[in-house]
Every structure is written in C-alpha cells, then in structure tokens.
1. Percent antiparallel among DSSP beta bridges with both residues in the chain, to the nearest 5?
2. Calculate one ³J(HN,Hα) per residue across the stretch 262-273 by plugging θ = phi - 60° into the Karplus curve 6.51 cos²θ - 1.76 cosθ + 1.60, and present them in order as whole Hz with x for glycine and proline.
3. How big is D for the stretch 254-397, in µm² s⁻¹ as a whole number, if Stokes-Einstein is applied with the Kirkwood radius of its Cα pairs at 37 °C and 0.692 mPa s?
4. In straight Cα distance, which lysines are under 23 Å from Lys397, not counting same-chain residues fewer than 8 positions off?
5. Which entries in Lys37/Lys77; Lys102/Lys362; Lys176/Lys237; Lys148/Lys176; Lys146/Lys237; Lys237/Lys362 show an alpha-carbon gap greater than 19 Å?
6. Using only alpha-carbon positions, what ratio does the radius of gyration of the stretch 328-368 give when scaled by 2.2 N^0.38 Å?
7. Only sites in a loop by DSSP and with at most 13 other Cβ atoms within 10 Å count here; which trypsin sites (Lys or Arg not before Pro) in the stretch 438-479 make the cut?
8. Find, to one decimal place in angstroms, the Kirkwood hydrodynamic radius of the stretch 69-224, where the mean of 1/r is taken over every pair of different Cα atoms and then inverted.
Amino acid sequence: MLRFVTITLLLLPLGAADLAQEGQRWWSHIQVLADDKMEGRNTGSEGHRKAAQFVAGEFERAGLKAAGVTGYIQPVKLRVSEIVESACSLEVIQEGKATPLKLGDDATLGVRPGLAEHVDAPGVFVGYGLAIPEYKFDDFSGLDLKGKIVVYITGGPKEVPSAMRAHYSSRSERWKAIAKTGAIGLVEIPNPKSMDIPWERSTLARLNATMTLADPKLEDIHGMQFNARINPAFADKVLANSGHKFAEILALADAAKPLPKFALNVNLRAKTQYKSSDVESQNVAAILPGSDPKLKDEYVVFTAHLDHVGVGQPINGDKIYNGAMDDASGVATLLEIAILLKEQPVKWKRSVLFVTVTGEEKGMLGSRYYSIHPTVPAKSIVADLNVDMFLPLFPLKYLEVQGLAESTLGADIREVCKKAGITVQADKEPDRNLFIRSDQYSFIRQGVPALAFKFGYEDKSPEEKIAKDWLKNRYHAPSDDLDQPVDKAAAARFNRVLLELGERVANASSRPQWNADSFFRRFAK
Ligand SMILES: [Zn+2]
C-alpha cells in the first residue's frame, strides 16, 4: 500500500496527470471501437458507420464544433473492386510451355479499376524498380521496357534518405516512373526481411475488396494493366529461365550492392476478373476554436484512421479483425486530447481540427479526400500530427518519429520529449516506408508539414522483441483485439506528449515550416 502511494506521488510531477486513470479512459474508447459489434470497421460498412457515429458523439460531448459536411460527417464516395479469383490465373510461359503459379500460395493478383482482363508480356527484372532523380538513381535507364512487365524487389538504395526513398516507393510515384518507360504492369517481390506480415498470413487478405476514390480526377494511377505480388519463397519460379537466383539478389540487397537488371526470358500471362460496385464511407471532423483573434483562423490537425479491415478469413476460429491498435488506439488518442483540452482552463491560440479518416487500409483514401476537399480553407492547415498504431506495449522511454528531419516540427517534438525525459528516435526501419504509409502523407502531398509517431526501443532489447512479435502475430490479424496486453498508462503518457506538442505548435508565433533541405518542401504551395 505504502509503496503504491510513493509511486503515485513520484508520477505526479510528470505533468501532474493521473496516468493510470487516463490510460483506463483511453482504453474505454477502444473497448467501444474494437468491439465485435463494430465488425472490424471496414471502409463503407455498417460497422464503420456506427463507429463514425460514436466518434461524432464523443466529439460533441467534448464540446467540439462540427466540421464535416453533414454535422461532423464528411461523406467519401468510393469505387470497390473485388477479385473473382476462381476466374483468374497467372502463368509463367517459357518457350510455349506454361507453368501455372498457384494464386494465394505462389502469388496474389492486385485489382483496381482499369486493369486488363488478359495480359501476356515479357518480364524484366529491374532491381528495386525505382527512379530517384535527386540521387541520379534510375533502375530503368537503358532498358527497353515498352509493352513489358517489370519485376522488382522491395527496398531501395541505402544512400537515399528514408523519407525520400519512401516517397519514390509509393504506389503512385513508382507507377509514374514505370509508366514513362512504356511498361504495362508491375510485379513486386517483397524482401522477406522487411515484410510486416508473413506471406502465409498476408495472402489471406488477397480476397478483400480493394477501393479507390470514386472521383476519377482524384485517381493518380493511369495506364496500369497488370499488378501482382510474388511469394519470395517461390520467386525462383519466375526467375528460373533468367540465369539468376533470388537468393543471389537478396544477398546483394542485404549487402547494399547494386542489383542486376535482366530479362526473365519468360512471358507472364494472366487472366484477371473482378466485380465493381460503389460505396460511401465517412470522415469525421470537429474543431476546437482557438483563442487568438488572428491565429484562430489557422488549424493544427490531429488525424487517426477509423477504418480497419473488417471481417475476413478466420484465424484460430476468429474472423473479426477488430483493429484495436490499428487504429482504434489512435482514434482514442484523439478523443483523449479533445477531453483533456476541454478540462484545461487555458485555450490554445490556434484552432485545433480533429479528423478521423476512413479508407486508410485501402490506400489512405479518406485522408487524401479530406486533404483535397478540406472543410476549412486549405491554406489555414498549418500541421498534421498523425496517430496510427503507435503500439504502447511497454513504457514510453523512446519515441520514434517519422518526418523528424523534414520540418520545424522536428525541433518541437524534440523539445517536448526532452522535458518529459523521453528519447526521440528517427525512423528505424526505412525499408518499411512508414513515412508514406499512413495518413500524414496525404497532407504532406498538399504541402502541410507533418509528423507521425510510434513507441521506440533499443536495438536487440526485450521491447524490440515485443514490438516485432506483435507485428508478426497480431498486425492485421483478428488477435489485434481487446484481449491483448497493452500498457495503458504508457499510452496516457503518449497522449500527454502529443497534447504538449499540439500546444507548442498551436501557440507558436509562426506556423511550422519545411526545412530548407527537405525533399518534401516541393509540395508546399
Ligand atoms: Zn492497418
């Protein structure tokens, strides 16, 4: 008993917050959002609609103003593509002889509007399949790729800074570079070292519907006829006639040596069939007006994605993918920040905009839609602080920050963490491309400086093992549910860190700026 009291007193100076109680309240939002009743909050589903309603209600209870189109809701129209796998096939054609690849085990086919029903084209291995003009890096130069299908391994040249590499590895930028060569399709072979989810599990998601924004003007991929992913364990089935082995390419990639480019000397022949339909989903937006007569016309945005992947293939008898950490946890953090702001007497100078976005799992669609159709003037958005799956699985000693070196926000989060005794870490795993893999990227592409956050750890520490095991076992699995060990007090501490960061940005005399040497400065308007 005495010991407990002592510990509580020791905690008080850290922001004078009752972290245990705040952590419990944070968790209580997740208990609603990740309940089986929400059916995994798939974009466009009834479960997602209910979750959006819940968030809108909580925003209202926290005293925030509605900032959607209909109340707190901004509807987002989407186009759905569902693969009819029984009518699809993929074969490697060598001198007229066809070797079928087993869909699901050997390869998966991508679907999106505009793909061709039949393709039959020569395959060419193109290294990482990247063109990065700033580093005069071009995997396509000197190759005749017209009418061909490019095959690449994930990753990229180590000399390119991670944020820039992530940008050029994004779906749209990569395809832009490939399309220029006249190639008609692409095949990805993941490097097993940077796969978040083992193939055996990730392949279960191949039958899930894919989505794109319904407005064709917002579509940034044109002319792609074919798209597939190959199981790295069977990559040699595709390389068989090239004189190269996948193990050799992996060894070169791991040693950061240049990768060879070569004709596969086979054709890839595919039949792709899919069904299309339309659906509507919801962004939820709310505002806490600022107190300064001038600065209140500027907004600091907090974002988190409300959607998860819904109901899918059962694993251990469970088919509801609850998405408790991904990303009910981030939405809960936004709700906590709203509640904490309501509780505190001093108001921030700039306004705060809270947006929970839909369609993140389908390719950051809700945030892209919001960033192009914001419900406040686009120029008034000064920063995006995005919270996606920050994984509070152990105490918060290290905070990993994506975008740290890109804008003045980097110095802000460093200052906040310094005061809190938390060590800031830069992106630890550039090969996972995390900076472009969540909703902050939609805002960055509109010129808005942004940061994203995760619990960090030291190399080879027990915490590293906990985080990696979580990805392997629970990430995008039904076991990312309410029945998992989470450090709720650490999450509350994280929420307080974000609150302080928000305050610092909202009260600063000038708005955040991209650093002079930031690659992403080019998007600033
Ligand atoms: Zn996810």
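The values are calculated or read from the model by the stated rules, or taken from the named source; none is laboratory data. All of these numbers come straight from a predicted model, not from anything done at the bench. Backbone-built Cβ (ideal geometry, glycine too); neighbour counts: all protein chains shown. Accessible surface is based on the protein model in full, side chains and every heavy atom, while ligands, DNA and RNA are left aside. Shrake-Rupley method; radii C 1.70, N 1.55, O 1.52, S 1.80 Å.
1. 65
2. In residue order, the calculated couplings are 7, 6, 7, 6, 9, 9, 9, 10, 9, 10, 10, 10 Hz.
3. D, rounded to a whole number, is 175 µm²/s.
4. The qualifying lysines are Lys418, Lys419, Lys428, Lys454, Lys460, Lys465, Lys468, Lys472, Lys488.
5. Violating the 19 Å limit, Cα to Cα: Lys37/Lys77; Lys102/Lys362; Lys176/Lys237; Lys146/Lys237; Lys237/Lys362.
6. Relative to the rule-of-thumb radius for its length, the stretch 328-368 sits at 1.45.
7. Of the trypsin sites (Lys or Arg not before Pro), the ones in loops of the stretch 438-479 whose Cβ has at most 13 other Cβ atoms within 10 Å are Lys460.
8. 17.6
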